[in-house]
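Q: This is the structure I have questions about; it appears just below.
The values are calculated or read from the model by the stated rules, or taken from the named source; none is laboratory data. All figures in this text were calculated on a predicted structure; none of them were measured in a lab. Reconstructed Cβ throughout: ideal geometry from the backbone, glycine too, with neighbour counts over all protein chains shown. Heavy atoms of the whole protein, side chains included, go into the accessibility calculation; ligands, DNA and RNA do not. Shrake-Rupley method; radii C 1.70, N 1.55, O 1.52, S 1.80 Å.
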Amino acid sequence: METTLKQTASKPVHASVFKPLSLAATLLLTACGGGSVSIGGGDNGSSGSSANPMKVDESFGDKGSASFQLGDYGGGITGIVQQPDGRLLVVGSRRLESSAIASSEQSVLNKLARNVVFVSRLLENGRPDGSFGSSGTVELSFRGSDTIEDLLLMDDGSIVLAGNASEPCEFRASAGSSCVKPDNSVAAQGDVLAKLSSGGVLDRSAAASGYVAVTQQLKSFPRLANQSGKVLLLFTTSYPRGQLFGWQLGRYSANGMLDTGFGNNGVVTSRCSTDGSQLLVNKQGGIWVVGARRLVRYVTPPATVGVCVEGFEANGARRAAAP
């Protein structure tokens, strides 16, 4: 299986996962754009060359690929960001146990299994950056069953992470619903914010745990943006089973403290009945939020389903002309 990942590097980067028999899954990050291809050379005699975007760049990593061991139960990469100096930040997770269990009737039930999230930094040549974390990688555990959904590189080189975090648990009725632990208590879950220094050290200045809890809803698709050193966090507040849709946008300091001078006591909410999808800050600090309904599938869709774009001033005040 091969997946093209969204990233900001100058060369295309692809990730593929394979699992040979009796071996743990390995994820390969491959750089393309090496070599050259002849262009021109027609009847007018013109000729030239340029990088071939379809050729593997064998100067990257080990013959064109950097590998990540994911363990017996797999995992994956959820984001890649290129630093101004060309180094790549790669975030993902490794599952530590199977994510499915069987009941006495042998039916498969939903489960939030134990896993660990990681942030790795690669040099421009695809080799691990030994100055970051432990041999180029930082492993994190917020509540025990976690994923990193978005990362943001700040101007000082620090890294802000937004993740979904839950205590490992045995059963949930559907994605996004409460999950019951083996002792029959309800697992804590929701979005969290965390911060790493430029060298990969977890910032514990805002919370001893190293993360700040933001929401109690697991499937909320957090998205991050930098607004002049402040962190904007967009997340979905929808409850699709009840046909309720919405999102919330908050502004935080770089270590996760809510900025109460933004919007209404630190947050703004949607005027559209949509999930939060994308977030953009322009050069003047103005904010645009794109909403769409992606947590629900319709048998008979209503007439109003679509995309809604909402505009806000830098301080969170609503723009009267948008939507």
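Q: Accessible area per residue, 1.4 Å probe, Å², for the range 242-323: what's the number? Numbers along the way, then the final one.
A: Values: 4440 Å² over 82 residues.
Roughly 54 Å² per residue, with all protein chains present.
Q: As a test question: what accessible area, to the nearest 10 Å², does R204 have when a 1.4 Å probe is rolled over all protein chains in place?
A: Accessible area, nearest 10 Å²: 130 Å².
Q: State whether the range 174-323 is rounded, prolate or oblate according to the following rule on the C-alpha gyration tensor (a ≥ b ≥ c being the square roots of its eigenvalues): a/c under 1.5 gives rounded; otherwise a/b larger than b/c gives prolate, and the remaining case gives oblate. Don't jump to the answer; show the numbers that get you there.
A: Numbers: a/c = 2.31, a/b = 1.07, b/c = 2.16.
Since a/c reaches 1.5 but b/c is at least a/b, the shape of the range 174-323 is classed as oblate.
Q: Now a separate question. First compute the accessible area of the range 197-320 with a 1.4 Å probe, then give the percent of it belonging to carbon and sulfur atoms.
A: Values: 3320 of 6310 Å².
Reported share for carbon and sulfur atoms: 53 percent.
Q: What is the distance in Å between the Cα centroid of the range 267-289 and that of the range 111-186?
A: 25
Q: Also, quick follow-up: At 1.4 Å probe size, what's the solvent-accessible area of T237? Round to the nearest 10 Å².
A: 60
Q: By the gyration tensor of its Cα atoms, with a ≥ b ≥ c the square roots of the eigenvalues, what is the shape of the range 124-190: rounded for a/c under 1.5, prolate for a/b over b/c, or oblate? Spell out each step's value before the answer.
A: Working: a/c = 3.33, a/b = 2.42, b/c = 1.37.
Because a/c hits 1.5 or more and a/b exceeds b/c, the range 124-190 counts as prolate.
Q: Is the shape of the range 109-235 rounded, prolate or oblate, going by the alpha carbon gyration tensor and its root eigenvalues a ≥ b ≥ c, with a/c under 1.5 for rounded and a/b larger than b/c for prolate? If you can, show how the numbers build up before the last one.
A: Values: a/c = 2.25, a/b = 1.65, b/c = 1.36.
Since a/c reaches 1.5 and a/b is larger than b/c, the shape of the range 109-235 is classed as prolate.
Q: Protein chains only, probe 1.4 Å: how do M154, M257 rank by accessible area, largest first?
A: Working: M154 15, M257 105 Å².
These residues rank, largest area first, as M257, M154.
Q: Say each of A207 and N226 gets a label point 7 Å from the Cα, pointing the same way as Cα to Cβ; how far apart are those two points in nm?
A: 2.3
Q: Which residues does the label zone of T237 cover in the range 192-226, counting backbone N under 16 Å from a point 7 Å along Cα→Cβ?
A: Taking a point 7 Å out along Cα→Cβ of T237, the residues of the range 192-226 whose backbone N falls under 16 Å are 214-223.
Q: I'd like the distance between the alpha-carbon centres of the range 210-237 and the range 249-264, rounded to an integer number of Å.
A: Computed from Cα coordinates, the inter-centre distance equals 10 Å.
Q: Can you tell me the FRET efficiency between N282 and S99 if r is taken as the Cβ-Cβ distance and R0 is 45 Å, rounded to the nearest 0.05?
A: Values: r = 40 Å, r/R0 = 0.89.
My answer for the efficiency is 0.65.
Q: What's the extension gain from K63 to S197 if we count 0.36 nm per residue and subtract their Cα-Cα distance?
A: On the way: separation 134, 0.36 × 134 = 48.24 nm, distance 3.07 nm.
Result: 45.2 nm gained on full extension.
Q: To the nearest 0.05, how large is the calculated FRET efficiency for E124 and N52 if R₀ is 25 Å and r is the Cβ-Cβ distance? Provide the component values of the computation, followed by the final result.
A: Values: r = 19 Å, r/R0 = 0.77.
FRET efficiency, E124 to N52: 0.80.
Q: Of Y239, Y211, which has the most accessible area with a 1.4 Å probe, and how do the rest follow in descending order? Intermediate values should be presented prior to the final figure.
A: Working: Y239 125, Y211 40 Å².
The ranking, largest first, comes out as Y239, Y211.
Q: Once both labels are modelled 7 Å past Cα along the beta-carbon direction, what's the S185-A314 spacing in nm?
A: Result: 4.6 nm between the two label points.
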